[in-house]
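Everything on this sheet refers to the single structure shown next.
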Amino acid sequence: MKRFSLPLRFSVPATLFVLGSLVGFGSFQREVGLSYARAEEDAGHEVEFFGTQTSTLLEYLYRRNDFEEAESAIENLGEDLHLQLVLLFDERDLVLLSTRDELHDRPISETPAAEMQQQVRQIRDRQSSQVQFSQNKQSTIALYPVQLGSSKVGVLWIDYDLSKRKKAAYEDALAKSLVFCASLALLCILIWLFFQQTLMKRVQRLVETTDSLARGNFGNRTRLAGTDELAQIS
């Protein structure tokens with residue numbers, strides 16, 4: 001089987017291009033992964049802060065029977081662009097407060113939290129909070145128990161949007177990767193120029209000499225300085 005071969009002046013830069021592309025792509029994927037992980041970690045801390053502060057405030061307001069202030073506190077959360085939806089379920093799993101007016105008094109089955117109905121009940125029974133990612137990992141869901149009275153326990157449900165953070169993280173990773181790839185491309189060019197000066201010109205002189213010998217010019221010789229293999233061949 002005849003082997004396919006390329007001249008060194010083509011194969012060396014082609015090899016550098018392929019290796020550089022693989023390294024650049026791997027670096028980009030790694031940077032995106034790290035950026036997403038940082039975005040998810042930061043969002044987790046932020047949603048925990050929102051959940052803890054809001055649940056504590058709601059418990060305080062309900063102990064004082066200050067229902068208007070509690071509703072105002074939830075409405076204020078709706079101004080945060082990262083918070084897609086905030087719901088407060090009562091002990092019957094009905095929406096008591098919400099950042100979306102149309103969900104008031106709706107059962108949990110008619111809200112975006114319908115798939116987590118079992119978890120809402122577990123949060124209420126165990127009196128413990130929980131933070132997790134949505135199935136598509138585009139948002140963080142936080143659930144916190146809230147004392148609504150002496151024997152009433154509600155659940156605060158927070159949907160924190162991750163898409164904006166991840167978009168910013170992707171753009172940041174892309175910018176860093178472009179800088180890295182530009183540096184890598186410059187390095188490959190320098191390596192190629194080094195090979196061009198130290199190897200390719202010397203090889204080309206040997207090729208010209210062998211072609212001359214093949215044409216019968218036996219007096220033609222090449223003298224290459226140095227002690228490397230090419231110098232020995234010359």
Would you call Leu58 in contact (Cβ under 8 Å) with a residue 40 or more places away in the chain and outside any helix (DSSP H, G or I)?
no
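Table: residues versus (1) open to solvent by less than 80 Å² (accessible area, probe 1.4 Å); (2) of a type in the set (A, V, I, L, M); (3) in contact with a helix residue (DSSP H, G or I) (Cβ under 8 Å, 6 or more places away or on another chain); (4) not in a loop (DSSP other than H, G, I, E, B).
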site: Ala70; (1), (2), (3), (4): yes, yes, yes, yes
site: Asp105; (1), (2), (3), (4): no, no, no, no
site: Gln117; (1), (2), (3), (4): yes, no, yes, yes
site: Gln122; (1), (2), (3), (4): yes, no, no, yes
site: Tyr144; (1), (2), (3), (4): yes, no, yes, yes
I'm trying to understand the selection: among the residues of region 146-186, which are aromatic (Phe, Trp, Tyr) and open to solvent by 10 Å² or more (accessible area, probe 1.4 Å)?
Tyr170, Phe180
Test for Ala43: is it touching a Phe, Trp or Tyr at 6+ places or on another chain (Cβ under 7 Å), modelled with pLDDT under 90, assigned to a helix (DSSP H, G or I) and among the hydrophobic types (A, V, I, L, M, F, W, C):
yes
Please give the number of the condition Gln132 fails out of (1) closer than 25 Å to Tyr36 by Cα; (2) in contact with a helix residue (DSSP H, G or I) (Cβ under 7 Å, 6 or more places away or on another chain).
(2)
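Only one of Phe50, Phe17, Phe28 is within 25 Å of Ser128 (Cα to Cα), open to solvent by 20 Å² or more (accessible area, probe 1.4 Å) and part of a helix (DSSP H, G or I). Can you tell me which? Before the answer, list the steps.
Working: Phe17 fails: within 25 Å of Ser128 (Cα to Cα); Phe28 fails: within 25 Å of Ser128 (Cα to Cα).
Criteria check complete, one pass: Phe50.
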Only one of (1) at pLDDT 80 or above; (2) open to solvent by 30 Å² or more (accessible area, probe 1.4 Å) does not apply to Phe195, and that is (1)
Report, by residue number, each residue of region 129-150 that is without any contact (Cβ under 8 Å) to a residue 60 or more places away in the chain and among the small types (Gly, Ala, Ser).
Ser134, Ser139, Ser150
Among Val86, Val95, Val131, the single one that is more than 20 Å from Lys152 (Cα to Cα) and assigned to a strand (DSSP E or B) is Val131
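The values are calculated or read from the model by the stated rules, or taken from the named source; none is laboratory data. Not measured: the values here are computed from a predicted model. Don't worry about glycine lacking a Cβ; one is built from the backbone with ideal geometry, like all the others, and counts go over all protein chains shown. Note: areas computed on protein heavy atoms with side chains; ligands, DNA, RNA excluded. Shrake-Rupley method; radii C 1.70, N 1.55, O 1.52, S 1.80 Å.
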